[in-house]
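So the structure is just underneath, and the comments pick up after that.
The values are calculated or read from the model by the stated rules, or taken from the named source; none is laboratory data. No experiment lies behind these values; they were computed from the predicted model shown. Backbone-built Cβ (ideal geometry, glycine too); neighbour counts: all protein chains shown.
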Amino acid sequence: MNRYLPVIKIEVKLYTVLKKFANGKILEDNSIVLPKGSTLQELINFLGIPNNISTIFLVNNTPQCKEYILCRGDKVKIFSFICGG
């Protein structure tokens, strides 16, 4: 039996020290395909961003918490609280 797992495609942009986590995971058009019902925390896990890095999420330019459930077409920006200089 062939099982179909519904997926969503979202746009993701990483900023500052987080950019290194995009390598090989975010496509050239800044998109990622995830299972439907994925949260921002699951996105962080997929990208391999450690939990000890404090992050801010903007989804469609609105701040969201890690429990936010992603929807098809969401535009996610992830920033780190700590920036080096």
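Within the range 6-22, residues that are without any contact (Cβ under 8 Å) to a residue 40 or more places away in the chain and of a type in the set (A, V, I, L, M) have Cβ atoms under 6 Å from residues that are assigned to a strand (DSSP E or B) and surrounded by 13 or more Cβ atoms within 10 Å (Cβ to Cβ) in these pairs: Ala22/Leu14, counting only partners at least 6 apart in sequence or on another chain. Considering the range 12-35, and only residues there that are in a helix (DSSP H, G or I) and among the aliphatic types (A, V, I, L, M), the residue that is farthest from the chain's Cα centre (by Cα) turns out to be Val17.
Within the range 1-49, restricting attention to residues that are surrounded by 10 or more Cβ atoms within 10 Å (Cβ to Cβ) and at positive phi, the residue that is modelled with the lowest pLDDT is Thr16.
Taking the criterion of being of a type in the set (A, V, I, L, M, F, W, C) and within 15 Å of Gly73 (Cα to Cα), the residues of the range 1-58 that qualify are Val7, Ile8, Ile10, Val12, Ile26, Leu27, Ile32, Val33, Leu34, Leu40, Leu43, Leu58. Cβ separations smaller than 6 Å between residues 6+ apart or across chains give the following pairs from the range 50-71 residues that are loosely packed, with under 13 Cβ neighbours inside 10 Å to residues that are of a type in the set (S, T, N, Q): Glu67/Thr39.
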